[in-house]
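As structure tokens, the structure follows; a few thoughts come after it.
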Amino acid sequence: MDLTEPGSGQSCFQPGEVVVHRRVRQGHIMHAMPMRVVSDRSDSTVLYSAPDTAFKSARTALGGKVHDFSDWVLTDVTWAGGSFLRLITPGAWHAVDVEFDAGGRFDGWYVNFQTPAVRRPHGFDIDDLVVDLVVAPDRTWHLKDAADFERAVAGGHIPAVAAERVMTELAEVTRRVARWETPFADENWPAWKPPASWLSPPMLPPGWNAS
């Protein structure tokens, strides 16, 4: 199930509402972050994450990055650095983060490849597919975690059909960057500023770990 459209049984979230964006793998929560809703429509959703947001994320027993999906623990983490907007498109196998530094200045785009977002009563669920694309303001780009992606596919943690979809999606996104198409050509989001009351990060609401 992709993003639920208004009128199909579940209404849109309201601007300013705190929702939970989760990464869920085989029924297990690997990431849960509280975010505020900027806008939520049938064709797009935009979420905002404030600096210093406390959230839950998978880490190794020693607190490092997870490379083996069979060995991890859900850990309390605080977001380091600036803030970001997350642009979600229904049915897309990626989301685009518009990133800002600690001073609120636009810092570039971060494309996360993932399963299509599923709308839940608490927010949105996805499964992360490891590889990412980092796009700088000068339009240069590079892949992130490509080796981890290959290991996850080889180890059976990412099914072949999902891996093929990621490669198709990656090719399309890089074409958009080369042609400088939306959302990268959109000047509105890089210039966006949060309301002053949003600079204080929200906490994970009760029920964030509900199935």
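The values are calculated or read from the model by the stated rules, or taken from the named source; none is laboratory data. What you see is a predicted model, and the numbers here were worked out from it, not measured in a lab. Glycine gets a Cβ as well: all are built from the backbone with ideal geometry, and neighbour counts include every protein chain shown.
Within the range 14-34, can one find any residue that is in contact (Cβ under 8 Å) with a residue 40 or more places away in the chain, assigned to a loop (DSSP other than H, G, I, E, B) and closer than 24 Å to Lys193 by Cβ? Yes: the range 14-34 contains one or more residues that are in contact (Cβ under 8 Å) with a residue 40 or more places away in the chain, assigned to a loop (DSSP other than H, G, I, E, B) and closer than 24 Å to Lys193 by Cβ. Val19 meets each of the listed conditions (1) of a type in the set (Val, Ile, Thr); (2) over 26 Å from Leu143 (Cβ atoms); (3) modelled with pLDDT under 90 apart from (3).
When we screen Asp125, Asp132 for residues that are under 11 Å from the mean Cα position of the chain (by Cα), at pLDDT 95 or above and within 19 Å of Gly27 (Cα to Cα), the only hit is Asp125. Among residues of the range 74-100 being among the polar types (S, T, N, Q) and touching a residue at least 24 places away in the same chain (Cβ under 8 Å), the one that is surrounded by the most Cβ atoms within 10 Å (Cβ to Cβ) is Ser83. Are any residues in the range 61-71 surrounded by 11 or more Cβ atoms within 10 Å (Cβ to Cβ) and farther than 18 Å from Arg22 by Cα, and if so, which ones? His67, Asp68, listed by residue number. Picking from residues in the range 35-60 that are in contact with a strand residue (DSSP E or B) (Cβ under 8 Å, 6 or more places away or on another chain) and outside any strand (DSSP E or B), the one that is surrounded by the most Cβ atoms within 10 Å (Cβ to Cβ) is Thr53. Considering (1) of a type in the set (A, V, I, L, M); (2) assigned to a loop (DSSP other than H, G, I, E, B); (3) at pLDDT 95 or above; (4) surrounded by 19 or more Cβ atoms within 10 Å (Cβ to Cβ), the lone condition that Met203 does not fulfil carries the number (4).
For (1) within 25 Å of Arg36 (Cβ to Cβ); (2) not polar (S, T, N, Q); (3) not in a loop (DSSP other than H, G, I, E, B), each residue gets a yes or a no:
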site: Asp138; (1), (2), (3): no, yes, no
site: Glu150; (1), (2), (3): no, yes, yes
site: Ile158; (1), (2), (3): no, yes, no
site: Ala162; (1), (2), (3): no, yes, yes
site: Thr174; (1), (2), (3): no, no, yes
site: Ala178; (1), (2), (3): no, yes, yes
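Scanning the range 136-166 for residues that are of a type in the set (A, V, I, L, M, F, W, C), within 18 Å of Ala92 (Cα to Cα) and surrounded by 12 or more Cβ atoms within 10 Å (Cβ to Cβ) yields Ile158, Ala162, Ala163, Val166. Would you mind stating whether Ala95 is of a type in the set (A, V, I, L, M, F, W, C), over 28 Å from Ala171 (Cβ atoms) and either outside any loop (DSSP other than H, G, I, E, B) or modelled with pLDDT of 90 or more (or both)? For Ala95, the condition - of a type in the set (A, V, I, L, M, F, W, C), over 28 Å from Ala171 (Cβ atoms) and either outside any loop (DSSP other than H, G, I, E, B) or modelled with pLDDT of 90 or more (or both) - is not met.
Residues of the range 101-134 that are among the hydrophobic types (A, V, I, L, M, F, W, C), surrounded by fewer than 21 Cβ atoms within 10 Å (Cβ to Cβ) and farther than 24 Å from Trp208 by Cβ: Ala102, Phe106, Val134.
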